[in-house]
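The values are calculated or read from the model by the stated rules, or taken from the named source; none is laboratory data. Computed from a predicted structure; not experimentally measured. No Cβ is skipped: glycine too gets one built from the backbone with ideal geometry, and neighbour counts run over all protein chains shown.
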Amino acid sequence: MNHKLEIRGVTQVFSSEEGEVKALEGVNLEVRPAEFLCIIGPSGCGKTTLLRMVAGLEQPSSGEIILDGKPVRGPSPDRGMVFQEFSLFPWRTVLRNVEFGLEIKGKVEGKVKGKGGGESGKKERREVAEKYIELVGLRGFERHYPYELSGGMKQRVAIARALATEPAILLMDEPFGSVDAQTRNVLQEELLGIWQRTRKTILFVTHSVDEAVYLADRVAVMSARPGCFVKCLEVDLPRPRKRTSVEANEFREKLLMWLSLERSKAACIF
Amino acid sequence: MRLPREEKGLWLVPLVAVILLWEFSAVFVVKDPLKLPRFSAVVFSIYALRDVLIADTLVSLLHFGIGVGLAFAVALPLAIGMGWSRRVFKAVDPIVELLRPIPPLAWIPLAMIWFHLTHYAAGFIIFIGAFFPILIDSYTGFRDVPKVLVETGKVLGCIGDRKQIRFVALPYALPSVATGTRVGMGVGWMCVVAAEMFAVSDYGLGYRLFQKFYFLHQMDYVVAYMLVLGLVALCLDRLFRHFVEERLFRWKKGIVK
Amino acid sequence: MYKMERRGREKRGVASLAVVVAVVAVAVSVSALFAGCVEEAEETTTLRIGYQPSTHQTAAMLAAEKGWWEEDLARFGVGKVEMKEFPSGPPEMHAMLAGDLDFAYVGVAPPIAAIYEGLDAKIVAGVQTQGSAIVVRPELAAEYEAKGPQALKGKAIATFPPGSIQHTILSKWLLENGLDPEEDTEIKEMKPGDAATAIGVGTVDAVFLPSPTPTIIAAEGNGVVVEWSGSMWPDHACCCLVASGEMIREHPEVVKQIIRTHIRATEYEIEHPEEAAEIYAKRQGADPTTIKQSLEATDMHWIHDPHLEVKSGLEYASVIYDLNRERYEGKGIEVLGEEEIFDASFYDAVTATEEK
C-alpha cells in the first residue's frame, strides 16, 4: 500500500541553556490515505514539534518526512494546518480569510503562468471559499469579522481556510483546546462529518485520550522526551461512536496505560 | 460616533464657561489688552485678518504637507525593516534614539543652510517633528505581529519576507501606522511656528505670528493666530480619524474591546 | 442595574471634581503670575538697560565696560545695573512692554510702534543718526553701479523686522524710487548674524543693516556696500534712549543721571573712537580692526540731543501708522504727536545746568 505520509527516523536536537536537548529521537510513522490518525502523548513530549515538522515550519536534525512520495522541505498549502490558538486574520472577513490561500496561490500562479488574477479568478476563489464555509456550517457568516465570532466558530473558519487550498493532508494541533467542553464535543462531531465528506487524511495531535478514542482510526502514542512512538493502536469501533460505551472505555484504559509508561521502559516501535 | 443622549454636546459647557471666564477676566480683572486680549477682540481680529489668514493657513498647510509626507515616506520603509528584522532593529535603533530627543528647533540653523529660505526648510523642521512618532509606532506594530499569524500565512503558501510583509504584517500593523501618523501629524503641526520663524516665505501662520504680530506687539492678533493654529490642528486630527482610523480600526476594536 | 448606575454616577462625580480642581489650580497660578508682575516693578535696586549689538550703541557698552553706570547711579540706591542684549528693536520693546526694562538703547521706530500698542515710555535722549547701509552681493555690484535702486527689483533683501528703523527707511526709500516693497522686492526679516550668513550663501541678494554688519560682510568678501542710509534719508534719526513711564514718573533723578552718564559716554567715544572700537570688539567678540574700519567707513553721527530726532521720529510715526492703518483706525488710534513720543524735559534740565 502506498502511504500518504511517511516519517522515517526523525530526530530533533536543539541547544538550550542546559546544553543540548533531544526533543525527538528515532521517530517513525506511516499514515494511510484518508485515515484519521491521532497522536497523543504527555506534555512536552514533542508531538507538536513533530507536527510542525510535517508542516515544514521546523526542520528535523536528521531523518526525513515524505508526503505522497516527495520529501517535505518547507511549508506549503499542500499540508494544511490548524493551530491551537485562534489564527484568523483579524482584518479580514470570514470569506476573505478562507480565500487567503487561494489568493496567494493565484498570485504565485499568476506570476508563473501570467494568469490567476482577474475577474474570473476572483469569482472562482469566491465560489470555492463559499463551498467550504458551508461545509463547516457557517453559511451566512461570510461578511463577519473574527472579533464577532465565538471560539468554536473561529476554529471552524480555520478549518475551512485550511481545506480551501485542497491540501493532501490536514494537520491539526489540539485545535479544540481553547474552547469549552460542550463546544468541543460539537466540533468533534462536525470534524468527523467534514472528514467523511472530504475523505482527507488527517493527522491530529491531542493530549486528550477521550478525544483520540472518539475521533481516530488509529492512535499513535508518543513517549516522554526524547519522544518516539511506543504504540500504535487501531481503534476499530464502528462509527458513529458512543463516547461512553464499554468498548470505548476499554480503549481508553489501554491508551492510558501506554501513556503512563516510563520512558526508560518504553521501546520505540517501527 | 454614537453617543448616549446625556453626553451629546457635553463639550460645549466647559468651552462656553472658559470663554466667559476669559472675557470677564480680560475686561474686569486684567484690564490690559497686551497682557490678556479680550476674547471678543480676538474673534474680531480673525474677521479683520480673514484675507491674509487664508493665505497664511494654506502656506502653513503646504509646509505641513511637505514635512509629514516626507516623514511618512521615510519612516514607513524604515519601520518595516526595524520591525521585521531584529538585526536591522539592533543596528539602527541606537542612531534613532540618539537623534530622537533633539528638538526640531535645534535643527533650524542646519535647515537654513541646507535648504536656504525655501518652503523645504520649513517642511524639514516639520519633518523632524513628525518622523519619530510615525517611525516608532509603526515599527512597534510590525514587531508585534503574532507568530501564529505569520506561520498561518506560511502554511497557506505565503512564503518569503516580501509576501509575509505584504499579506500578513502590513495589514496587522496598519492601525499602529495610523496611530503613529496621527501623533506625528500633531507634533509636526506644533513645529509650524518654529519652522516658519525665519522668513522662509512671506506667508504662513507661524511666520506672521512671530515675525509680524509679535514684533509689532499686536497681541490680539497673536492670540487670534494661536487659536487658528489650534483649530486647524483639531480639524486635521478629526478628519484623519474619521477617514482613516474609522476604516482601519473596525477590526482592532474587536481585539482591544 | 441600579448598582451600576450608582457606580457610574460616582465615577462621574470624581471626574468632575478632578476637573474643577485643575481649573482652580490654573486660575490661582495665573492670578499669582499677574499679581507678581505688578509687585516686582517697584524694585529699583537693580536697573535694567536694554541694548543691541551695533556700533550705533557703543555708548551703552562703553559706559558698561567702564563701570560708569553703577558708579554714577550708586547714590540713587541702585545696587546693580543689568545690561540686556537683544538682536533687534522689536523684541527689546516687547520686553519693555512686559516691564522687564527700565531704559533701552533702541532705534527710534520700535518704541513708536510699541507706543501705538500701549507702551508706557518716552524717548529722552538721542544716540545716533544714520549709520546703516545697503550691501549687495559682489556679482550685483556692477548692476547697482549702472542702474541704481532699480537693480534691486525682483531681489531678496534682508533687513530688520517691520516696525524697525531699517525696515521703515528701506520701505520709504524704495517707494520714493518707484519700487513697491511688497511687490517688487522680497524683504526678509532676520538678525544681523543670519543676514551675514544668508548673503554669504546666496540666500539673499542684499542686506540693509546697521554698522558694523555692512563692513563685516564686506571684509569677509561676501558683499559690496553701495548705499549708506544718510543718502537714503539724510540725517534720519537712528538710535535713541528710551525711559519707561515708571522711571519718568517715579524716579526722575535717575532719568537725569542716566542722561548725564550717556552724554559722558557719547562725548568720550567721539573723542576716542579707537578705544571705543576696541571696547566694542572685545565685548562682542568681533575683530577690532574690522570694527575700526567700520567706524571710519560709516556715515553715522553719535549724538545725545533728542531734539535732533524729533523730525524724523514724527515721520516714522506717520509711516508706521500707514503700515497699520486698518488696525489703528479700527481701534480709534491716531497718529502719534511729539508729546506722545518724546520727553526732552530731562535732557533740557541736564544740559541747562551744565551750560557753560
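Here is a yes/no grid of residues against (1) at pLDDT 85 or above; (2) surrounded by 14 or more Cβ atoms within 10 Å (Cβ to Cβ):
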site	(1), (2)
A:Val221	yes, yes
A:Phe229	yes, yes
A:Pro240	yes, no
A:Glu247	yes, yes
A:Glu253	yes, no
A:Leu256	yes, no
A:Arg263	no, yes
A:Ala266	no, yes
A:Phe270	no, yes
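Out of all the residues in the range A:50-62, which are surrounded by 20 or more Cβ atoms within 10 Å (Cβ to Cβ) and away from chain B (no Cβ under 12 Å)?
A:Leu50, A:Met53, A:Pro60
Could you check, for the range B:92-102, whether at least one of its residues is surrounded by 16 or more Cβ atoms within 10 Å (Cβ to Cβ) and either in contact with an Asp or Glu (Cβ under 7 Å, 6 or more places away or on another chain) or not β-branched (Val, Ile, Thr) (or both)?
Taking every residue of the range B:92-102 in turn, none turns out to be surrounded by 16 or more Cβ atoms within 10 Å (Cβ to Cβ) and either in contact with an Asp or Glu (Cβ under 7 Å, 6 or more places away or on another chain) or not β-branched (Val, Ile, Thr) (or both).
Return yes when C:Lys188 is free of Cβ contacts under 8 Å to residues at least 40 places away in the same chain and of a type in the set (Lys, Arg) and no when it is not.
Working: free of Cβ contacts under 8 Å to residues at least 40 places away in the same chain: yes; of a type in the set (Lys, Arg): yes.
Taking the combined requirement at face value, the residue satisfies it.
Can B:Ala122 be described as touching a helix residue (DSSP H, G or I) at 6+ places or on another chain (Cβ under 7 Å) and away from chain C (no Cβ under 14 Å)? Walk me through it before giving the result.
Working: touching a helix residue (DSSP H, G or I) at 6+ places or on another chain (Cβ under 7 Å): yes; away from chain C (no Cβ under 14 Å): no.
So B:Ala122 fails the test.
Listed here are the residues, each with its yes/no results for (1) at the interface with chain B (Cβ under 8 Å from one of its Cβ atoms); (2) at pLDDT below 90.
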{"position": "A:Val72", "(1), (2)": "no, no"}
{"position": "A:Pro75", "(1), (2)": "yes, no"}
{"position": "A:Met81", "(1), (2)": "yes, no"}
{"position": "A:Asn97", "(1), (2)": "no, no"}
{"position": "A:Phe100", "(1), (2)": "yes, no"}
{"position": "A:Gly106", "(1), (2)": "no, yes"}
{"position": "A:Glu119", "(1), (2)": "no, yes"}
{"position": "A:Val136", "(1), (2)": "no, no"}
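Within the range B:103-114, how many residues turn out to be buried (at least 17 other Cβ atoms within 10 Å of the Cβ) and either in contact (Cβ under 8 Å) with a residue 60 or more places away in the chain or small (Gly, Ala, Ser) (or both)?
4
Within the range C:165-201, track down each residue that is at the interface with chain B (Cβ under 8 Å from one of its Cβ atoms) and out of contact with any Asp or Glu (no Cβ under 8 Å at 6 or more places or on another chain).
C:Lys188, C:Glu189, C:Met190, C:Asp194, C:Thr197, C:Ala198, C:Val201
Failed condition for B:Phe64, given (1) at pLDDT below 95; (2) assigned to a helix (DSSP H, G or I); (3) among the hydrophobic types (A, V, I, L, M, F, W, C), with all others met?
B:Phe64 satisfies every listed condition except (1).
One line per residue, one yes/no per condition, for (1) of a type in the set (Val, Ile, Thr); (2) farther than 25 Å from B:Leu62 by Cα:
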position: B:Thr152; (1), (2): yes, yes
position: B:Ala169; (1), (2): no, yes
position: B:Pro175; (1), (2): no, yes
position: B:Ala195; (1), (2): no, no
position: B:Tyr203; (1), (2): no, no
position: B:Tyr221; (1), (2): no, no
position: B:Leu229; (1), (2): no, no
position: B:Phe243; (1), (2): no, no
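Of the conditions (1) within 23 Å of A:Val128 (Cα to Cα); (2) away from chain B (no Cβ under 14 Å); (3) not charged (D, E, K, R), A:Ser223 satisfies every one except a single condition; which number is it?
Result: A:Ser223 fails condition (1) only.
Of these, B:Ile159, B:Ile134, which one is part of a helix (DSSP H, G or I) and either aliphatic (A, V, I, L, M) or surrounded by 22 or more Cβ atoms within 10 Å (Cβ to Cβ) (or both)?
Among B:Ile159, B:Ile134, only B:Ile134 is part of a helix (DSSP H, G or I) and either aliphatic (A, V, I, L, M) or surrounded by 22 or more Cβ atoms within 10 Å (Cβ to Cβ) (or both).
Any chance you could count how many residues in the range A:1-37 are of a type in the set (A, V, I, L, M) and surrounded by 17 or more Cβ atoms within 10 Å (Cβ to Cβ)?
9
Do you know which residues across the range C:217-231 are among the aliphatic types (A, V, I, L, M) and buried (at least 22 other Cβ atoms within 10 Å of the Cβ)?
C:Ile217
Filter the range C:288-307 down to the residues that are free of Cβ contacts under 8 Å to residues at least 60 places away in the same chain and surrounded by 15 or more Cβ atoms within 10 Å (Cβ to Cβ) and list them by number.
C:Lys292
For the range C:290-356, which fully contained helices (runs of 4 or more DSSP H) count at least 1 residues that are touching a Ser or Thr at 6+ places or on another chain (Cβ under 8 Å) and within 14 Å of chain B (Cβ to nearest Cβ)? Steps first, please.
Details: elements: C:307-323, C:325-331, C:338-341, C:345-354.
Correct list: C:307-323.
Can you tell me which of (1) more than 12 Å from chain B (Cβ to nearest Cβ); (2) touching a His at 6+ places or on another chain (Cβ under 7 Å); (3) in a helix (DSSP H, G or I) is the one C:His94 doesn't meet?
(1)
Taking only the range B:8-50 into account, find how many residues are charged (D, E, K, R) and modelled with pLDDT under 90.
Pass one, the range B:8-50, residues charged (D, E, K, R): B:8, B:23, B:31-32, B:35, B:38, B:50.
This time we only want the ones that are modelled with pLDDT under 90, so: B:8, B:31-32, B:35.
Total satisfying the criteria: 4.
Look through B:Val177, B:Val150 and report the one residue that is within 14 Å of chain A (Cβ to nearest Cβ) and under 19 Å from the mean Cα position of the chain (by Cα).
Exactly one of B:Val177, B:Val150 is within 14 Å of chain A (Cβ to nearest Cβ) and under 19 Å from the mean Cα position of the chain (by Cα), namely B:Val177.
If you take the residues of the range B:201-257 that are small (Gly, Ala, Ser) and part of a helix (DSSP H, G or I), which of them is nearest to the chain's Cα centre (by Cα)?
B:Ala233
Among the strands (runs of 3 or more DSSP E) confined wholly to the range A:171-267, which include 2 or more residues that are of a type in the set (Val, Ile, Thr) and closer than 21 Å to A:Cys45 by Cβ?
A:201-206, A:218-222
Which residue pairs have Cβ atoms under 6 Å apart, sit 6 or more places apart or on different chains, and have a first residue in the range C:48-64 that is assigned by TED's automatic domain parsing to the domain that holds C:Asp102 and in contact (Cβ under 8 Å) with a residue 40 or more places away in the chain and a second that is crowded, with 24+ Cβ neighbours inside 10 Å and part of a loop (DSSP other than H, G, I, E, B)?
From residues that are assigned by TED's automatic domain parsing to the domain that holds C:Asp102 and in contact (Cβ under 8 Å) with a residue 40 or more places away in the chain, the pairs are C:Arg48/C:Leu101; C:Arg48/C:Asp102; C:Gly50/C:Leu101; C:Thr55/C:Ser211; C:Thr55/C:Pro212; C:His56/C:Gly131.
Based on this model, can you work out whether B:Ile95 counts as assigned to a helix (DSSP H, G or I) and touching a residue at least 24 places away in the same chain (Cβ under 8 Å)?
no
How many residues does the range A:36-80 contain that are over 23 Å from B:Val150 (Cβ atoms) and either within 14 Å of the chain's Cα centre (by Cα) or in a strand (DSSP E or B) (or both)?
11
Taking C:Thr203 and the conditions (1) under 30 Å from C:His251 (Cα atoms); (2) not assigned by TED's automatic domain parsing to the domain that holds C:Thr298, which numbered condition does it fall short on, given that it satisfies the others?
(1)
What are the residues in the range C:68-91 that are farther than 18 Å from C:Glu250 by Cβ and part of a strand (DSSP E or B), if any?
Correct list: C:Lys80, C:Glu82, C:Met83, C:Lys84, C:Glu85.
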